[in-house]
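Asks: First the structure, which I've put down as structure tokens, then a few questions once you've had a look.
Just so it is clear, none of the values below were taken in a lab; they were calculated from the coordinates. The structure displayed is predicted, hence computed values, not measured ones. Cβ placement follows ideal geometry from the backbone for every residue including glycine, while neighbour counts extend to all protein chains displayed.
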Amino acid sequence: MQAQQPAVTAANEIRRAINLSDPGGYSGIELVGTSVRLWYKGSLPTAVSAAVERARKITKVEVAEARYSNAELQTASDRLIAHIRGNPAGPAHSVKIPTDGHGLVVMTDRAVTFAATGLPDVGVATETGQRERFKAAGRVDDYAPFWGGARIENGEVTAGCSAGFGVRSGGREYLLTVGHCGRVGSPWYNGNFTHWIGWAAYERPDWELLLIETNAGGFVFDGPLNAPISRRVAGWNWAYPTMFVCSSGAYTGGQCGGLVVDGTYSVCGPDAYGNSECYHNLVASYGPDPAARHGDSGGPVFIYSGDNVIALGIISGWTGPVLYWSQFGLANSAFGVEPITGP
């Protein structure tokens, strides 16, 4: 992980410029060993070109031509996901947007052609790939200030999930967890119902994000379930393909070795109330098998920085060794939150 840090720093320089300008032809950024590759359709805007030159003072940066922009592929993916949601018994269950922007990949639970999925032509190159369906994924007796990695319970449906990170916005504190675990107004308790946490205050369902207003702390639980250790949160970062990441769900405990794979995913599945929902812009990492267990949903995904952790996202679900998660950067974009950092 430490060997990748210069490339991560360079990628962040470019990503910031893209976020602050019209993303236009942006398709994706990936790490290639210790270098960075930016996929872009058409000419780079002046601000992005300047950021690439700054990044090249840190490490090697390649700019490659993308066939489609991320915005074009996201629009096409949304159309496919609408059909998948309306036909949950069909073979298709999720859509991948590759980092290089070459088209879309529709994930199916058996080997079929795209024509056999019954999905419409959405105007971009589309192929199929086979993968198991998405499964929605504490330490038990946490108390205020509440930490990430702890088991939390939705009092409406007694649904066990995991806390992600303590966050702050506008002078208020929250626990960040995933949207499918609850809804605005749902009551939350610690894992053995001995402490009240708070009410869910904000949700972004399509990005799998839920904020529970509470007294939150700047640490996460890590390590094995029977001997958890605390780690200070020191900031947040975007994720990039080929990063090695760790996670710490309340039912699995801490585990590392997950490799961020190419692309972003849109997947559909039931929420805690049995409603069918679809989640977009999820990242996937490939590592230990199983990547998570039921109840790990919402748990923190991170990289180490010395003995501290850098927040990357929160667990959404898994299939075998593949972990799906929502990036912390989406929570920052949706709610303006920053992680609470430990003293």
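Asks: Sort Leu312, Leu282, Leu259, Leu323 so that the residue with the fewest other Cβ atoms within 10 Å of its own Cβ comes first and the one with the most comes last. Don't skip to the answer; put the middle values down first.
Replies: Details: Leu312 27, Leu282 24, Leu259 14, Leu323 32.
Lowest to highest Cβ neighbour count: Leu259, Leu282, Leu312, Leu323.
Asks: Quick check on region 2-65: what are the equivalent-ellipsoid semi-axes from the Cα gyration tensor, as sqrt(5λ), descending, whole Å?
Replies: Ellipsoid half-lengths, sorted descending, are 19, 12, 9 Å.
Asks: Further question: In whole Hz, what ³J(HN,Hα) sequence does region 208-218 give by Karplus (6.51, -1.76, 1.60; θ = phi - 60°), x for Gly and Pro?
Replies: Karplus-based 3J(HN,Hα) across region 208-218 equals 6, 10, 9, 10, 10, 6, 6, 8, 10, x, x Hz.
Asks: In whole Å and largest first, what semi-axes does the C-alpha gyration tensor of region 71-183 yield when each eigenvalue is scaled by 5 and square-rooted?
Replies: The equivalent ellipsoid of region 71-183 has semi-axes of 37, 17, 12 Å.
Asks: Between beta-carbons, use under 15 Å as the cut-off and find the net charge around Gly118, counting Lys and Arg +1, Asp and Glu -1.
Replies: Cβ neighbours under 15 Å give a net charge of +1.
Asks: Bin by bin, in steps of 10 Å, what percent of the Cα pairs in region 207-338 do you find, going until the bin that has the longest distance?
Replies: 13, 47, 35, 6, 0
Asks: Residue by residue through region 314-324, what is 3J(HN,Hα) from phi via Karplus (6.51 cos²θ - 1.76 cosθ + 1.60, θ = phi - 60°)? Round to whole Hz and write x for glycine and proline.
Replies: Once rounded to whole Hz, the list reads 9, 5, 9, x, 7, 8, x, x, 9, 9, 9.
Asks: Mind checking which lysines have their C-alpha under 25 Å from Lys41, skipping anything on the same chain fewer than 8 residues away?
Replies: Lys57, Lys60, Lys96
Asks: Oh, and also: Counting Lys and Arg as +1 and Asp and Glu as -1, each charge on the Cβ, what is the dipole of region 113-163 about the Cα centre in debye, to the nearest 20?
Replies: 140
Asks: Non-local amide H neighbours of Val32 (under 5 Å, H modeled in plane, Pro and chain starts lacking H): which ones?
Replies: Distant-sequence amide H within range of Val32: Arg37.
Asks: Enter the mean projected area of the convex hull around the alpha-carbon atoms of region 1-142, in nm², rounded to one decimal. Write down the numbers at each step before the final one.
Replies: Numbers: hull surface 48.1 nm².
Approximately 12.0 nm², given one-decimal rounding.
Asks: Using the Cα centre of the chain as the reference point, and only Cβ charges (+1 on K/R, -1 on D/E), how large is the resulting charge dipole? Debye, rounded to the nearest 20.
Replies: Dipole about the Cα centre, nearest 20: 420 debye.
Asks: What percent of all Cα-Cα pairs in the chain falls in each 20 Å bin, counting up from 0?
Replies: Whole-percent P(r) values from 0 Å outward: 33, 58, 9.
Asks: If you don't mind, there's one more thing I want to ask. Please compute the Kirkwood hydrodynamic radius over region 70-130, one decimal place, Å, based on all pairs of different Cα atoms.
Replies: Computed over Cα pairs of region 70-130, the Kirkwood hydrodynamic radius comes out at 11.4 Å.
Asks: Return the long-range amide H neighbours of Tyr202 (sequence gap of 5 or more, or a different chain), with a cut-off of under 5 Å between placed amide H atoms.
Replies: Excluding prolines and chain starts, which carry no amide H, the hits are Leu211.
Asks: Please get the size of the charge dipole for region 135-339, origin at its Cα centre, with Cβ charges of +1 on Lys and Arg and -1 on Asp and Glu, quoted in debye to the nearest 20. Present the calculation step by step, with values, prior to reporting the outcome.
Replies: Values: 10 positive and 17 negative charges, 42 e Å.
About 200 debye.
Asks: Efficiency by 1/(1 + (r/R0)^6): what FRET value for Ser276 and Gln130, r their Cβ-Cβ distance, R0 = 25 Å, to the nearest 0.05?
Replies: Once rounded, the FRET efficiency stands at 0.70.
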